[in-house]
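All of the numbers you see were taken from the coordinates with simple rules; none came from a lab. The structure presented is a predicted model; accordingly, all values stated were derived computationally and were not measured. Reconstructed Cβ throughout: ideal geometry from the backbone, glycine too, with neighbour counts over all protein chains shown.
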Amino acid sequence: MKKIILSVCLFVFLSSLTEAQNKAPFGITLSGFVKSDLFYDTRQTTGIREGHFLLYPAAESLDKNNEDVNAKSNFNILSIQTRLTTRITAPDAFGAKSSGQIEGEFFGTTDGDINGFRLRHAFVKLDWTNISLLAGQTWHPMFIAEMFPSVVSFNTGAPFQPFSRNPQLRLTYSNDNIKLIAGAMSQRDFQSSGPLGFSSTYLRNSAVPNLHFQIQYLNKATLFGAGVDYKSLTPRLVTIKNIKSDESVSSFSLIGFLKFNLEPVTIKAQGIFGQNAADLMQIGGYAIKSADAVTGSETYTALSNFSAWGEISTGKEIEYAIFCGYTKALGASDNIVGAYYGRGTDIDNVIRISPRVQFNSEKNRISAELEYTSAGYGTPNNFNKGKIEKIKTVSNLRLIAAFYLFF
């Protein structure tokens, strides 16, 4: 009799445990890939991690014989993009489905730290029926994770595609085909420029997070939407005359995007009006528009730029695709009297065309991409709101071969 009672109790306990697990499973799954990139450039480039993250060709640099020092080819082989992703499912909490993710790679945090393990994503997510709350580090909302360029190059379309991962709080409301997103971000690996170089200090000292609002419409074949982004920076706490300062520079950026999945063809396109978007790996930043000779107090003006990119791809086992991007510096709203802070503030425009072919077999992929990028360098005219003049264009041709093993 005791054995029967124990058996019944054990059965009830296991049934209850199984039912609870079915409702709210807990588990950890590992995924990622091993990747090796081989690339050859016809010119010296401006980028990150020994040229792996290419932005644009380096400007002309003339020696005493009027020879361009940067007109020299180079090559590299790197495996630092190799990635490990941990996805976590957890029991329901606060009436919501609970999950999380941790992801890292061996890209390092600086060029001196190349091969070092770097945190990419680390967040907790709570999903209710129509509302989702994300807390942690992941893509900036200007990077649309559902439709970023699928290029072979690790730049993922930068400097045309906004590229940044940020610690953040993100609230998403979904109803049928409509999605509303509101986010508040800080900065970590991707930072704004200022008197101390690239640093998160300027955003932190503004005491206002980077704010973003976005609306999306999506169904099985279509995704399109638009967003607005606000950022305020405080470049200095004290002037060069040792007087307290709290002057800030504010900026707005706008984004519009669309994706059509027309089997077997996929079309993606995006347009961006950016202000002070150097932290998003775009050209521009801000500059000093006035300076008090007595106190050293400075005021600032944001530099604007326009960017657009498009991509067409087709095929599964063998994929053929082409990516095109264009970005143009638009100058500032005011004339400039002092230093420029940002990225590529002497660049008028950048153009890129990159066709690719990828061969997929089970968990392996071999890719080849030809990436042509030109950049028009010049001199900012402070009396014409920082617009670039006396432009000279240089170009680089990068040939990339990549080998993947997904797991």
Discussion item. Can you give me the angle between helix 2-23 and the longest principal axis of the chain, using Cα atoms only, in degrees from 0 to 90, rounded to the nearest 10?
Written reply: 30
Fill in: Simple label model, 7 Å out from Cα along Cβ direction - Phe75 to Thr110, nm
3.1
Practice prompt. Could you compute the FRET efficiency for Leu119 and Leu171, with r as their C-beta to C-beta distance and R0 at 25 Å, rounded to 0.05?
Written response: 0.65
Worksheet item: Tell me, what ³J(HN,Hα) does each residue in segment 245-259 have, in order and in whole Hz, if you take phi through Karplus 6.51 cos²θ - 1.76 cosθ + 1.60 with θ = phi - 60° and put x for Gly and Pro?
Response: 9, 9, 5, 10, 10, 10, 8, 10, 10, 10, 9, x, 8, 7, 9
Worksheet item: Modelled label-to-label distance, Ala182 and Phe213, 7 Å Cα→beta-carbon offset: nm?
Response: 0.8
Fill in: Extension gain, Phe407 back to Thr393 (0.36 nm per residue minus Cα-Cα distance, nm)
0.8 nm
Worksheet item: Which three extents, in whole angstrom, do the alpha-carbon atoms of the chain cover along their principal axes, largest first?
Response: 99, 52, 40
Practice prompt. Find out how many positive minus negative residues lie around Leu126, taking Lys and Arg as positive, Asp and Glu as negative, among other residues whose Cβ is under 14 Å from that of Leu126.
Written response: +1
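For the chain, what does the helix formula give at 222 nm: sum of -39500 (n - 2.57) over DSSP H segments with n ≥ 4, over the residue count, nearest 500 deg cm²/dmol?
It comes out at -2000 deg cm²/dmol, rounded to the nearest 500.
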Fill in: Distance between modelled label sites at Ala145 and Asn66, nm, 7 Å Cα→Cβ extension
5.5
Practice prompt. Can you grab the distance from the C-alpha centre of segment 202-244 to the C-alpha centre of segment 103-164, Å, no decimals?
Written response: 17
Response to the item:
Which residues qualify? For Thr82, with a placed amide H closer than 5 Å and at least 5 residues away or on another chain, they are Lys35, Phe106
